[in-house]
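Undergrad: Take this structure, written in structure tokens, and hold onto it; I'll ask about it next.
The values are calculated or read from the model by the stated rules, or taken from the named source; none is laboratory data. In this text the structure is predicted, and so the values were computed from the model without any measurement. Every residue, glycine as well, gets a Cβ built from its backbone with ideal geometry; the counts of neighbours run over all protein chains shown. Side chains included, ligands, DNA and RNA excluded: accessible areas come from the protein's heavy atoms. Shrake-Rupley method; radii C 1.70, N 1.55, O 1.52, S 1.80 Å.
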Amino acid sequence: MESRLLGELLIERGLVTTADVQRALDMQGRIGGRIGALLMRVGAVSEDSLLDVLGAQLELPLLGRDLALPDEGAIRDGALANGISVDWMLDQQALLWEDAEGIWWCAARDAQTPALAESLRFLLGARAPRYCLIRAQDLERSLDALARLHEGSRGDGDGDVRHLREMAEEAPVVELVNNLMAQAVEQRASDIHYEPDEKQFAVRFRIDGVLYSRLQLPRDRFNAVASRLKLISGMDIAERRLPQDGRMSTRVSGKDMDIRVSALPGVHGESIVMRLLPKERRDLRLDRLGMLPDHLELMQAWTREAHGIVLVTGPTGSGKSTTLYAALAAANDGLKKMITVEDPVEFQLSGVTQIQTHSEIGLNFAHVLRSVLRQDPDVVMIGEIRDLETAEIAIQAALTGHLVLSTLHTNDSISAFTRLVDMGVEPFLVATPIKAVQAQRLVRRLCPQCARPAPAPSGLEASFPALATRVLGDIAANWREAVGCSHCLHTGYHGRLGIYELVSISPRMREMITAGSAVSAMVEQARAEGFRLLREDGLLKAWQGLTSVEEVLRVTSS
């Protein structure tokens with residue numbers, strides 16, 4: 001066996017810091033426990049990473065990866081045939097079974113305890129078992145299934161507040177929730193979905209905009225998990241009939257995270273979604289968002305405007321907030337007063353005054369904006385223009401010498417003008433202050449480890465190669481397609497990049513907005529001025545081999 005300490009091995013692999021290990025050792029001195037479990041508890045490392053190092057240190061296989069998970073019915077039958085109590089396994093939080101070759105195996109929450117070793121010597125005599133590691137969620141699932149086989153279903157009683165709080169503080173529940181968050185962060189998930197059904201509940205991660213199933217557990221485990229999520233996010237754990245929102249800041253897998261939690265009542269229980277927001281974002285720069293050179297130059301020029309409105313449009317989850325933050329960072333030269341009004345504040349920026357709205361006390365966008373304009377700002381970022389009142393204040397701010405950055409929910413860039421007119425803004429007030437509009441979507445990047453060459457797509461317009469040459473220069477076509485490997489979790493994709501439509505408001509476009517011209521006519525005018533559609537921008541990135549044609553068509557289909 002490896003004689004080096006676990007903490008040293010984790011530091012050597014770059015999974016934790018020396019400060020993390022010292023913090024866990026201090027906690028160990030106060031409350032006891034294994035150093036690995038304590039590092040997981042403080043959010044320094046995920047269970048998967050910990051088990052990889054433990055497996056190498058102790059030379060033990062991992063159940064579910066190196067060994068197949070045993071069938072719970074076979075475990076129960078084998079135990080009964082050999083005089084081993086199922087209740088003992090449930091009490092010890094351990095699985096004990098005999099494989100097809102007659103070898104006994106043991107997987108436990110803590111396989112290194114002397115009491116467990118002594119019990120196994122009594123139960124098995126000379127048949128010394130081999131040990132293996134097991135993920136907490138796999139152990140919980142197997143023990144729950146074993147308990148149901150042995151005792152029958154135990155029901156799903158609601159219990160009172162004290163009982164819910166006790167369940168939320170149980171070590172297995174705490175470990176399960178912490179480990180799921182750590183796994184989500186390591187797998188680059190943006191959201192964790194807890195979805196109860198009649199007999200089970202599912203845990204799904206949204207990775208690169210797509211939901212993937214990660215875990216299914218018995219329904220009778222859900223109340224404890226839901227109570228834990230509510231407790232740590234500041235919600236009322238006894239309220240299950242009304243929607244609730246909560247938030248928390250914590251350290252997960254070595255990263256400081258802000259987490260927003262939403263609970264929504266459903267037929268089989270509350271659907272709970274956690275939005276994971278890293279406090280530090282290295283990609284909050286315009287040149288890291290995937291813009292092609294002509295678009296990047298345009299966007300940088302817009303952020304240098306002295307006044308006017310720059311709108312970023314797109315559906316929920318299309319990366320609008322990230323673009324706005326990057327634009328703010330680009331405009332922040334240290335000489336400007338910059339204020340944001342957001343709901344909620346997603347990332348904290350140095351040198352920027354950020355204000356969180358609270359509609360429940362009347363502190364909405366319009367109310368805050370009136371006060372913001374008395375703060376002598378140079379740049380104002382509005383999280384979203386949702387109504388006529390907010391739109392009118394934004395326009396007034398732009399007309400009085402402020403640069404206003406904001407988002408709007410429309411499907412494309414040109415529709416932003418008609419959306420504002422539909423809100424009730426006069427067409428000439430739409431045309432005058434707006435400097436530019438950008439629409440965007442997010443497409444998944446092809447995995448660099450496994451993507452392979454693909455034939456040129458059929459049906460491309462004859463003019464597309466000329467567009468590629470004009471925008472990209474002499475870069476040859478590099479069409480590729482997704483395959484899937486361990487690096488990308490067998491999805492074929494790893495990360496995302498933006499595709500964009502950018503429209504600068506020319507004098508002719510301003511006249512058309514004022515005259516109430518049709519969207520199709522404005523699109524034709526914009527194309528004459530060099531504008532390209534979202535799909536065209538996406539295909540240019542597929543031409544470069546950054547994404548696949550199938551992904552571009554999936555995102556831009558209408």
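Undergrad: Quick one: Arg445 ticks every box in (1) touching a His at 6+ places or on another chain (Cβ under 9 Å); (2) within 21 Å of Leu286 (Cβ to Cβ); (3) without any contact (Cβ under 8 Å) to a residue 60 or more places away in the chain except a single one, so which number is it?
TA: Tallying (1) touching a His at 6+ places or on another chain (Cβ under 9 Å); (2) within 21 Å of Leu286 (Cβ to Cβ); (3) without any contact (Cβ under 8 Å) to a residue 60 or more places away in the chain, Arg445 fails exactly one: (3).
Undergrad: Condition first: farther than 20 Å from Ile434 by Cβ, open to solvent by less than 50 Å² (accessible area, probe 1.4 Å) and not hydrophobic (A, V, I, L, M, F, W, C). Now tell me which residues in the stretch 513-543 satisfy that.
TA: Correct list: Glu536, Asp537, Gly538, Lys541.
Undergrad: Has the stretch 74-83 got at least one residue that is assigned to a loop (DSSP other than H, G, I, E, B), open to solvent by 20 Å² or more (accessible area, probe 1.4 Å) and either in contact with a Gly (Cβ under 9 Å, 6 or more places away or on another chain) or modelled with pLDDT of 85 or more (or both)?
TA: no
Undergrad: To continue, here is another question. Of the residues Ala189, Ala145, Ala202, Ala168, which single one is open to solvent by less than 40 Å² (accessible area, probe 1.4 Å), modelled with pLDDT under 85, of a type in the set (A, V, I, L, M, F, W, C) and closer than 28 Å to Pro61 by Cα?
TA: Values: Ala189 fails: modelled with pLDDT under 85; Ala202 fails: modelled with pLDDT under 85; Ala168 fails: closer than 28 Å to Pro61 by Cα.
Going through Ala189, Ala145, Ala202, Ala168 in turn, just one is open to solvent by less than 40 Å² (accessible area, probe 1.4 Å), modelled with pLDDT under 85, of a type in the set (A, V, I, L, M, F, W, C) and closer than 28 Å to Pro61 by Cα: Ala145.
Undergrad: If you don't mind, there's one more thing I want to ask. When the stretch 355-367 is examined, which residues are found to be surrounded by 17 or more Cβ atoms within 10 Å (Cβ to Cβ) and either at pLDDT 90 or above or of a type in the set (Gly, Ala, Ser) (or both)? I'd like the intermediate steps shown before the answer.
TA: Residues of the stretch 355-367 that are surrounded by 17 or more Cβ atoms within 10 Å (Cβ to Cβ), as a first pass: 355, 357, 364-367.
Correct list: Ile355, Ala366.
Undergrad: State all residues of the stretch 390-417 that are in contact (Cβ under 8 Å) with a residue 24 or more places away in the chain and in a helix (DSSP H, G or I); if no residue qualifies, say none.
TA: Thr390, Ala391, Glu392, Ile393, Ala394, Ile395, Ala397, Ala398, Leu399, Ser415, Ala416, Phe417, listed by residue number.
Undergrad: Against the definition (without any contact (Cβ under 8 Å) to a residue 24 or more places away in the chain and either open to solvent by 10 Å² or more (accessible area, probe 1.4 Å) or in a strand (DSSP E or B) (or both)), how does Glu305 come out, yes or no?
TA: Values: without any contact (Cβ under 8 Å) to a residue 24 or more places away in the chain: no; either open to solvent by 10 Å² or more (accessible area, probe 1.4 Å) or in a strand (DSSP E or B) (or both): yes.
Answer is no for this residue.
Undergrad: Follow-up. Being open to solvent by 40 Å² or more (accessible area, probe 1.4 Å), touching a Lys or Arg at 6+ places or on another chain (Cβ under 9 Å) and closer than 28 Å to Val16 by Cβ, is that true of even one residue in the stretch 103-118?
TA: yes
Undergrad: Name the one entry in Gly495, Gly459, Gly484 that is surrounded by fewer than 19 Cβ atoms within 10 Å (Cβ to Cβ) and part of a strand (DSSP E or B). Explain how you work it out, then say what you get.
TA: Numbers: Gly459 fails: part of a strand (DSSP E or B); Gly484 fails: part of a strand (DSSP E or B).
Sole residue among the options that is surrounded by fewer than 19 Cβ atoms within 10 Å (Cβ to Cβ) and part of a strand (DSSP E or B): Gly495.
Undergrad: How about the stretch 339-351: which of its residues are out of contact with any Gly (no Cβ under 6 Å at 6 or more places or on another chain), of a type outside the set (Gly, Ala, Ser) and open to solvent by 20 Å² or more (accessible area, probe 1.4 Å)?
TA: Scanning the stretch 339-351 gives Pro344, Val345, Glu346, Gln348, Leu349.
Undergrad: Sticking with this one: Quick check on the stretch 398-431: of everything there that is open to solvent by less than 10 Å² (accessible area, probe 1.4 Å) and closer than 16 Å to Thr303 by Cα, which residue is farthest from the chain's Cα centre (by Cα)?
TA: Among those residues, the one meeting the criterion is Ala398.
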